[in-house]
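For reference, the structure discussed in these notes is given below.
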Amino acid sequence: MSDLWKRGGTPAGKGSGAAAASADVVEKQNEEILGSLQSKIAAMKSITVQINEEVNEQNRALEQMQGGMGATDNLLTASVAKMANVFGAHGNTSVVKISGAVVAMFLIVFFIIRIGARG
């Protein structure tokens, strides 16, 4: 009896030709869809690999930046310590004089840039 039943679920000899044709059409559609899905999976795999490479590259860049920031932090800490020693040795009048000079230089540069931007 197993050879009487086709993919369409009808006994052989009772409309099995239409059912077989319908089953073939469905099978072709399934194969087309399967091919489409395989190409989409391949595209997604490619995108995933590219994302992974980009993430690894960004991590390397961040590690390099972190190392650079650590070196800058050490340099600034040493500079501040040296300035504290200089200011501590010469008293508060040196701090006021140097601070005033820095503010004056900033204002001069600011006005020069502002006048140069107008002209």
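The values are calculated or read from the model by the stated rules, or taken from the named source; none is laboratory data. The structure presented is a predicted model; accordingly, all values stated were derived computationally and were not measured. Cβ placement follows ideal geometry from the backbone for every residue including glycine, while neighbour counts extend to all protein chains displayed. To get the accessible areas, we keep the full protein, side chains included, count just its heavy atoms, and leave off ligands, DNA and RNA. Shrake-Rupley method; radii C 1.70, N 1.55, O 1.52, S 1.80 Å.
Between rounded, prolate and oblate, where does region 48-119 land on the alpha carbon gyration tensor, with a ≥ b ≥ c its root eigenvalues, rounded for a/c under 1.5, else prolate if a/b exceeds b/c? Numbers along the way, then the final one.
On the way: a/c = 8.19, a/b = 1.62, b/c = 5.07.
Oblate.
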How high is the FRET efficiency from M83 to R114, r the C-beta distance, R0 22 Å, rounded to 0.05? 0.15
Counting only the heavy atoms of the protein chains, how much of K97 is accessible to a 1.4 Å probe, in Å² to the nearest 10? 150 Å²
Solvent exposure of region 25-119 as accessible area per residue, Å², 1.4 Å probe: 89 Å²
A42 versus A21, label points 7 Å from Cα toward the beta carbon: distance in nm? 3.4 nm
